[in-house]
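Trainee: First the structure, which I've put down as structure tokens, then a few questions once you've had a look.
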Amino acid sequence: MFVEVALDIPLDKTFCYKVPEVLSYPPEVGKRVIVPFGTNDLLRTGIIVGIKETVDFPEEKIKELFDIPDDFPLLHRIPWSSVVLFQVTTEVT
């Protein structure tokens, strides 16, 4: 099983992680997750925005999520496409 995770970083994309067999709580859309991110695998907190059984790229390239710390979703199920993300930019003239 795999989860799509939204992280609080300035990129307009989600990231796919493998779900290990042993976790504190089962995956569910809207729950917080702790995942390794970047080349140093720093642990970051994200939100599960999707769950899928298969992926379209090699599974060995997908990192495993670290844990799911909550037994309840922080966000209720909403269509991910209805979420609007804002990015503040500064323009120097």
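Trainee: Using label points projected 7 Å from each Cα along Cα→Cβ, tell me how many nm separate residue 34 and residue 53, to one decimal.
Mentor: Rounded to a tenth, the inter-label distance reads 3.1 nm.
Trainee: Here's another thing I want to ask about it. Count neighbours as other Cβ atoms within 10 Å of each site's Cβ, and list the trypsin sites (Lys or Arg not before Pro) in segment 1-69 that are DSSP loop with at most 10 such neighbours. All intermediate terms of the calculation are to be shown ahead of the outcome.
Mentor: Numbers: sites: 13, 18, 31, 32, 44, 52, 61, 63; in loops: 13, 31, 63.
The qualifying sites are 13.
Trainee: Rank these residues by their accessible area, most exposed first, probe 1.4 Å: 42, 23, 65. Walk me through the intermediate numbers first.
Mentor: Values: 42 110, 23 40, 65 5 Å².
Putting 42, 23, 65 in descending order of accessible area: 42, 23, 65.
Trainee: Report the full-extension gain for the segment residue 43 to residue 21: residue separation times 0.36 nm, less the Cα-Cα distance, to one decimal in nm. All intermediate terms of the calculation are to be shown ahead of the outcome.
Mentor: Working: separation 22, 0.36 × 22 = 7.92 nm, distance 1.90 nm.
Fully extending the segment from residue 43 to residue 21 adds 6.0 nm.
Trainee: Continuing with this model, one more query. Report, to two decimal places, the Cα Rg of segment 1-74 normalised by 2.2 N^0.38 Å (N = number of residues). Don't skip to the answer; put the middle values down first.
Mentor: Details: Rg = 11.4 Å, N = 74, 2.2 N^0.38 = 11.3 Å.
That ratio works out to 1.01.
The values are calculated or read from the model by the stated rules, or taken from the named source; none is laboratory data. What you see is a predicted model; the values in this text were computed from it and never measured. Every residue, glycine among them, receives a Cβ derived from its backbone with ideal geometry; neighbour counts consider all protein chains shown. Accessible surface areas use protein heavy atoms only, side chains included; no ligands, DNA or RNA. Shrake-Rupley method; radii C 1.70, N 1.55, O 1.52, S 1.80 Å.
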